[in-house]
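The values are calculated or read from the model by the stated rules, or taken from the named source; none is laboratory data. Owing to the predicted nature of the structure, the values given are computational and were not obtained by experimental measurement. Neighbour counts run over all protein chains shown; Cβ positions are idealised from the backbone, glycine included. Calculation scope for accessible area: heavy atoms of the full protein, side chains included, ligands and nucleic acids excluded. Shrake-Rupley method; radii C 1.70, N 1.55, O 1.52, S 1.80 Å.
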Amino acid sequence: MLTLPDILADAERGHLPEPGAGPTIVPQPSPRDAGVIAFTAHNVICADVDEGWIRSRLPDDGDLSAPLNPPFLRALEERTGRRVGNLDLLALAEPCAGDPPIDLAEITDAAHPRVLRAHRYRDDVRVWTCPGGLLVLGRGVAGRWEVAIEVDAGHRGAGLGRALARAARQLAARPLWAQIAPGNAASVRAFLAAGYVPVGAEALLVPDVGGSDSRG
């Protein structure tokens, strides 16, 4: 049986799902991870929901945008008892050699608020800080390695976001996935400048317990 880890591992090797096929429906790899990932003309739906129900909620006219559109996502919310978080751009980058371009200090206090927040969405979390910025690495959806960065308001516009995104590639041993809100143009530019390549879009379903939807 094809699994979401299989699909993501193929994407990391440069083999994206075939355009025009699908949707591909796969089981959740864990109770935490459910949602829709859209690659070029191919959607992957990851939810522990009957396949027949999923296909019955999608139009039969071949509309490739339907799985990420509100009608289907609302139906999936009701079916799973979860809510849709952000609709994110997905970008991917290979690790690279060399030392990070900025000095980083790792946070090792497991009770730190930023570490606690990161553990809501990821395993094997590591967090680094620098003046005006923060960098998070961890294993997220289907065990893939994910990166998130934050830049304080007073330090924006000076290239710190790009430096943090680049540093992540030098700290990681595996390909890195970045989930970026499309409306955050500054963050999109930072990741592109640091060598990340857009590969798709994603809407994850999170437990409906209130609070922020941010996975950063």
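Observations on the structure shown:
- Note on region 75-203: the alpha carbon radius of gyration divided by the globular reference 2.2 N^0.38 Å gives 1.06.
- In the chain, the calculated helix contribution to ellipticity at 222 nm averages -7000 deg cm²/dmol per residue, counting -39,500 (n - 2.57) for every DSSP H run with n ≥ 4.
- Taken about its Cα centre, the chain carries a charge dipole of roughly 500 debye when the Cβ of each Lys and Arg holds +1 and the Cβ of each Asp and Glu holds -1.
- Inter-part distance, region 11-65 to region 66-134, computed on C-alpha centroids, equals 21 Å.
- Measuring r between the beta carbons of Asp123 and Asn69 and using R0 = 35 Å, the FRET efficiency lands at 0.70.
- The charge dipole of region 1-48, taken about its Cα centre with unit charges on the Cβ atoms of Lys, Arg (+1), Asp and Glu (-1) only, comes to about 60 debye.
- Shape analysis of the chain yields a ratio of the Cα radius of gyration to the Kirkwood radius, Rg/Rh, of 0.97.
- Solvent exposure of the chain, expressed per residue, is 48 Å² of accessible area, with all protein chains present and a 1.4 angstrom probe.
- As a fraction of the 1.4 Å probe accessible area of region 1-126, surface on carbon and sulfur atoms comes out at 51 percent.
- Cα→Cβ-extended label distance, 7 Å offset, between Ser56 and Ala158, nm: 5.8 nm
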